[in-house]
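Okay, structure first, notes after.
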Amino acid sequence: MIKKSEKAFQEAVNYIPGGVNSPVRAFKSVGGTPRFIKRAKGAYLTDEDNTKYIDLIGSWGPMILGHAFEPVENAVRKAIKSSFSFGAPTVKEVEMAKLICDLVPSVEMVRMVNSGTEATMSAIRLARAYTGKNKIIKFEGCYHGHGDAFLISAGSGALSLGVPDSPGITPSTLGDTLTAPYNDLDAVKRLLETHKGEVAALIIEPVVGNMGCVLPKEGYLQGLRDLCTKEGVVFIFDEVMTGFRLALGGAQERFGITPDLTTMGKIIGGGMPVGAYGGKKEIMQMVAPSGPMYQAGTLSGNPIAMSAGMAMLKHLKKHPEIYAQLDETGAFIAEGLRKSVKELGLNYTVNQIGSMYSLFFTSEHVVDFKTAKTADIPAFSKYFHQMLNRGVYLAPSQFESLFLSTKIDKRIANKILRASHYSLTSLVEE
Ligand SMILES: *Cc1c(COP(=O)(O)O)cnc(C)c1O
């Protein structure tokens, strides 16, 4: 039953563009009515019509410990008693900064912002200020928030809606963003040769989540690190999605790579709007008021958001075994899906690392934007709705990674696999 969601959506489209405050929430690429969620607990979402779903998006990343996680809830309850924002420094911000620098060793100094988008926009400005160069390199299908410089061959909602290059961006901005295919080191080498001495930064999702889950090839990230060092390019890991998810120290810990700057978001706020960028002291000291690169925020380092994020990070730090558990659940689901598609003769691709995974509706090995786009979108859309009807809430797009939380145990994982097998079976029988 989706009566209440339908009514809410009909009203929403009159007042909010597309009825949603972020395009990825719409069901535009899969069809149908988005479910309006009224509450969530643990592994489950509940919509306005009281239907429960196993949640595989986790608010697009933050809910790694499941919904309404008690230590986070308690920290927020305690914090709100002292007012919501002061516009003056708090000791919580210092504690948060120290915690981040402790968990992510490449980060020697950090600035808090309010979203991943703010983090990446600021990191790029900082890299330009630091190098005195203008151009940046990004990768096709990677998403770094909705800053102008990044909406070129962008992933996530932009890709799902078929608008990877948004209108409204000036030709000069377009000209300063160079793009290369993911997992192709030679393409970056060529760009750096053609634009020698012009490139300020190279920004990458170390594991891509925003064209579906795509892993870096062996040696690829190290190759980029070496190129950036050689050419004096600021190497930025956008860990808004992977930070505190693929390991306590993010993808950089998992792959043993040291970027110059790191952007963070999602998990860092425990579900509150938080982002951060940080890295080498020498670069970070360019940020105002210690240096000339201007960046500010009325609500940045907000005490309620800091309390939520810190409760989350502290719990993760205290229980590092969580990452082994998430790896195990992820591998279990990926194996189950591979077995299922093979049994049904579908030959689809499953990409997985830790608690991130995607089932791609293609037999191609998905390593970049081009191969991701070979997916059969109509088939995915049918599968999406089959899964939803069976009580599993997937990302409403083929081009998004799914996210597991610690609340997805073996029993729930088996439920997901069964729902998936039946959904795929009905596609085959059609
Ligand atoms: C979600 C995301 C962003 C943008 O973060 P917002 O908080 O949505 O602005 C940037 N980079 C990556 C890799 C992301 O996944």
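The values are calculated or read from the model by the stated rules, or taken from the named source; none is laboratory data. All figures in this text were calculated on a predicted structure; none of them were measured in a lab. So basically every Cβ, Gly included, is an ideal-geometry build from the backbone, and we count neighbours across all protein chains shown. In case anyone asks, the SASA skips ligands and DNA or RNA and just uses the protein heavy atoms, side chains included. Shrake-Rupley method; radii C 1.70, N 1.55, O 1.52, S 1.80 Å.
For region 266-282, residues that are assigned to a strand (DSSP E or B) and either of a type in the set (Val, Ile, Thr) or within 12 Å of the ligand (Cβ to nearest atom) (or both) total 4. Taking the criterion of being surrounded by fewer than 24 Cβ atoms within 10 Å (Cβ to Cβ) and under 24 Å from SER397 (Cβ atoms), the residues of region 185-216 that qualify are LEU215, PRO216. Pairs are defined by a Cβ separation below 9 Å, a sequence spacing of at least 6 or placement on different chains, a first member in region 355-373 that is outside the structural domain of VAL208 (by TED's automatic domain parsing), and a second member that is in a helix (DSSP H, G or I) and at pLDDT below 95; the pairs so defined are PHE369/LEU159; ALA372/LEU159; LYS373/LEU159.
Just to be sure before I move on: is GLY168 in contact (Cβ under 8 Å) with a residue 40 or more places away in the chain and part of a loop (DSSP other than H, G, I, E, B) in the structure I sent? No, not satisfied. Just one of the numbered conditions (1) part of a helix (DSSP H, G or I); (2) within 25 Å of the chain's Cα centre (by Cα); (3) surrounded by fewer than 18 Cβ atoms within 10 Å (Cβ to Cβ) is not true of TYR383: (3).
Results for (1) over 17 Å from the mean Cα position of the chain (by Cα); (2) at pLDDT below 95; (3) part of a helix (DSSP H, G or I), shown as yes or no for each residue.
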{"residue": "LEU326", "(1), (2), (3)": "no, no, yes"}
{"residue": "THR329", "(1), (2), (3)": "yes, no, yes"}
{"residue": "PHE332", "(1), (2), (3)": "yes, no, yes"}
{"residue": "GLY336", "(1), (2), (3)": "yes, no, yes"}
{"residue": "LYS342", "(1), (2), (3)": "yes, no, yes"}
{"residue": "GLN352", "(1), (2), (3)": "no, no, no"}
{"residue": "SER358", "(1), (2), (3)": "no, no, no"}
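Counting the residues of region 23-50 that are open to solvent by 40 Å² or more (accessible area, probe 1.4 Å) and in contact with a strand residue (DSSP E or B) (Cβ under 9 Å, 6 or more places away or on another chain) gives 8.
The residue that is nearest to SER29 (Cα to Cα), among those in region 148-176 that are within 11 Å of the ligand (Cβ to nearest atom) and of a type in the set (Gly, Ala, Ser), is GLY157. Scoring GLY145 on the criteria (1) within 16 Å of the ligand (Cβ to nearest atom); (2) assigned to a loop (DSSP other than H, G, I, E, B); (3) touching a Lys or Arg at 6+ places or on another chain (Cβ under 9 Å) leaves a single failure, condition (3). Output yes when any residue across region 125-135 is within 16 Å of the ligand (Cβ to nearest atom), open to solvent by less than 50 Å² (accessible area, probe 1.4 Å) and within 21 Å of the chain's Cα centre (by Cα), and no when none is. So far as region 125-135 goes, no, none of its residues is within 16 Å of the ligand (Cβ to nearest atom), open to solvent by less than 50 Å² (accessible area, probe 1.4 Å) and within 21 Å of the chain's Cα centre (by Cα). The combined condition, being of a type in the set (Val, Ile, Thr) and either open to solvent by 10 Å² or more (accessible area, probe 1.4 Å) or away from the ligand (no atom under 16 Å from the Cβ) (or both), is not fulfilled by ILE236. Of ALA251, ALA247, all but one fail to be over 26 Å from GLU198 (Cα atoms), more than 13 Å from the ligand (Cβ to nearest atom) and not basic (Lys, Arg); the exception is ALA247.
Answer yes or no as to whether THR120 is open to solvent by less than 40 Å² (accessible area, probe 1.4 Å), modelled with pLDDT of 95 or more and under 24 Å from ILE268 (Cα atoms). Yes, satisfied. Across region 398-415, the number of residues qualifying as surrounded by fewer than 24 Cβ atoms within 10 Å (Cβ to Cβ) and not in a loop (DSSP other than H, G, I, E, B) comes to 6. Taking region 214-252 as the range and being farther than 28 Å from ASP102 by Cβ and part of a loop (DSSP other than H, G, I, E, B) as the test, the residues that pass are LYS217, GLU218, GLY219, GLY232.
You will find that of LEU337, LEU326, LEU299, the residue that is touching a residue at least 60 places away in the same chain (Cβ under 8 Å) and in the same structural domain as ALA251 (by TED's automatic domain parsing) is LEU299 and no other.
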